[in-house]
Amino acid sequence: MRTLTELLKTNEKVFIRLANDNLKQKFMQQAEAEGFVYQGQNPTESQAESVMIIHKDYTLGTLAGFATHMHYYTCPKEMRVDYARYINGLDDFYYDIRKE
């Protein structure tokens, strides 16, 4: 299974799209298993948003605030990952929000 930390090899943070509740739960479980924390807690103690952010310092975040939203919409495609495609082993797991 692919890890979340693999995604951070070339970026300080990566945006992860979670299309449904099942993926949100699976993501939070994987994040916790890899040692990430969310708001000072284990990720499984909280609900995931539709877009989560993983950071190199092993913290999770959300699209809160104007600056974060702007960064999300203007960052390179390689910083936006479709979690379903990623965990299913597809090579093309990035997504371009301008094409949706």
Accessible area expressed per residue, the chain, with surrounding protein chains retained (probe 1.4 Å, Å²): 58
Please get the size of the charge dipole for segment 1-98, origin at its Cα centre, with Cβ charges of +1 on Lys and Arg and -1 on Asp and Glu, quoted in debye to the nearest 20. 180
Among Val81, Gln29, Gly61, the residue whose Cα sits farthest towards the positive end of the charge dipole of segment 1-82 (+1 at Cβ of Lys and Arg, -1 at Cβ of Asp and Glu, taken about the Cα centre) is Val81
In segment 38-100, which chymotrypsin sites (Phe, Trp or Tyr not before Pro) fall in coil by DSSP and have 15 or fewer other Cβ atoms within 10 Å? Tyr58, Tyr95
Only helices counted: for the chain, with every DSSP H run of 4 or more residues adding -39500 (n - 2.57) and the sum spread over all residues, [θ] at 222 nm is -7500 deg cm²/dmol
Among bridges DSSP assigns within the chain, what percent are antiparallel (round to 5)? 65
Roughly how many nanometres apart are two label points built 7 Å out from the Cα toward the Cβ at Arg85 and Val37? 3.3
Note, segment 63-71: 3J(HN,Hα) by Karplus (6.51, -1.76, 1.60, θ = phi - 60°), whole Hz, Gly/Pro = x, goes 7, 9, x, 4, 4, 5, 4, 4, 5
Taking just the C-alpha trace of segment 1-56, give me its Rg and Dmax in Å. 10.5, 29
Mind listing the phi-derived Karplus ³J(HN,Hα) values for segment 30-36, rounded to whole Hz, using 6.51, -1.76 and 1.60 with θ = phi - 60°, and x for any glycine or proline? 5, 4, 5, 4, 8, x, 6
Run the paramagnetic zone check for Asp21: 7 angstrom along Cα to Cβ, then residues of segment 78-100 with backbone nitrogen under 20 Å. 83-84
Quick check: the distance between the Cα centres of segment 10-54 and segment 62-100, to the nearest angstrom? 14
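Got a number for carbon plus sulfur as a percent of the chain's accessible area, 1.4 Å probe?
47
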For each pair in Lys26/Lys77; Lys13/Lys77; Lys24/Lys77; Lys9/Lys77, compute the distance between the two Cα atoms and list the pairs where it is over 18 Å. Lys26/Lys77; Lys24/Lys77
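The values are calculated or read from the model by the stated rules, or taken from the named source; none is laboratory data. All values derive from a computational prediction rather than experimental measurement. Don't worry about glycine lacking a Cβ; one is built from the backbone with ideal geometry, like all the others, and counts go over all protein chains shown. Accessible surface is based on the protein model in full, side chains and every heavy atom, while ligands, DNA and RNA are left aside. Shrake-Rupley method; radii C 1.70, N 1.55, O 1.52, S 1.80 Å.
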